[in-house]
1. If you take every DSSP beta bridge whose two residues both sit in the chain, what share of them, in percent to the nearest 5, is antiparallel?
2. Got a sec? Charge dipole of the chain, +1 on Cβ for Lys and Arg, -1 for Asp and Glu; which of THR216, LEU227, TRP199 is way out at the positive end?
3. Given that just one value was derived from the coordinates, which of (i) 28, 23, 16; (ii) 31, 19, 18; (iii) 26, 22, 17 is semi-axes √(5λ) of the Cα gyration tensor in Å?
4. What are the ³J(HN,Hα) couplings of the stretch 226-238, residue after residue, when phi is run through the Karplus curve with 6.51, -1.76, 1.60 and θ = phi - 60°? Round to Hz, x for glycine and proline.
5. Would you list, by chain and number, the lysines whose Cα falls below 28 Å from the Cα of LYS142, excluding same-chain residues fewer than 8 positions away?
6. Taking θ = phi - 60°, what integer Hz values does the Karplus form 6.51 cos²θ - 1.76 cosθ + 1.60 yield along the stretch 185-193, in sequence order, with x for Gly and Pro?
7. Please give the FRET efficiency for LYS142 paired with LEU4, using the beta carbon to beta carbon distance and R0 = 30 Å, rounded to the nearest 0.05.
8. Could you size up the charge dipole of the stretch 1-57 around its Cα centre, putting +1 on the beta carbon of Lys and Arg and -1 on that of Asp and Glu, and report it in debye to the nearest 20?
Amino acid sequence: MNALLSIWTWFEIGLMSLVGFFIQLALAVVTWPFDRRKVITGRCFRLVAVVSSKLTPYWDFAVHGPVPERMRKPNRTVVVSNHESNADPFLISFLPWEMKWLGKASLFKIPAVGWSMWLAGDIPVTRGDQGSAKGAMAQCAKWLAKGMPVMIFPEGTRSKTEELLPFKDGAFRLAIETGSDVLPIAVSGTRKALPKHSWRFARSRALVTVGTPISTQGMTLADVERLKGLAREQILALRASLVPLSSAGQGEKEGARAA
């Protein structure tokens, strides 16, 4: 049954991605003259992820807690999050503001999904390629200069365990160099939603929550480590507050299913 439902889920996500791409393409043509920040095409892509999540029989995703009012309008912010699963982008897309994502270049080659990422204005980076990383950070800086937040996973890849991987410097150097705030957010529960190196989905109650912006005013590159520490501390605390809630939700669902 799990295999059949997983196949259905992949089909549903693929179909939604394809339909969403054509809607997004039409919006891109219509809005190009006046929406150079790609807010409309970007939000369209995130909403496709939200709808796909809601149609997935295994997932129960939601935002926990209040969302800062300032984030409902574009502003110069580097958003950073822990990274548990490939399901994280689906969950984080539930947040009610547009931001441009830094993602693996290989994702941009996936039919429909990759095309939509280009239309949304997301930024590709090739892992381990310094030239690619430098170019990607330059693109991020351009979006920030336009008042558009950018979304970066500072671990660089999904953690295989509950422990956070070391944070890379890039997001924090970027924030200091552009005078942007750093906004920590945290996810919990997505590791079960789509386990690493597995094509099978699993039942999951997953939550995302938003922390407190950290100002980089007065900071220099000598403060990168301190800034990383402040963001990591917030993410750990935020995630700790989510774990019992996502676990409780999972337990309730399994209990109801057993009954």
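The values are calculated or read from the model by the stated rules, or taken from the named source; none is laboratory data. From a predicted model like this one, the values you see are computed outputs, not experimental measurements. Note that we place each Cβ from the backbone using ideal geometry, even for glycine, and neighbour counts take in every protein chain shown. With ligands, DNA and RNA removed, areas are computed over all heavy atoms of the protein, side chains included. Shrake-Rupley method; radii C 1.70, N 1.55, O 1.52, S 1.80 Å.
1. Taking every DSSP beta bridge with both residues in the chain, the antiparallel ones total about 20 percent.
2. Of THR216, LEU227, TRP199, it is TRP199.
3. Checked against the structure: label (i).
4. 5, 5, 4, x, 5, 5, 4, 4, 5, 4, 4, 5, 5
5. Cross-link targets: LYS38, LYS73, LYS100, LYS104, LYS109, LYS134, LYS168, LYS228.
6. 10, 9, 10, 8, x, 6, 4, 6, 4
7. Values: r = 45 Å, r/R0 = 1.51.
After rounding to 0.05, the efficiency reads 0.10.
8. Details: 6 positive and 2 negative charges, 61 e Å.
Value, rounded to 20: 300 debye.
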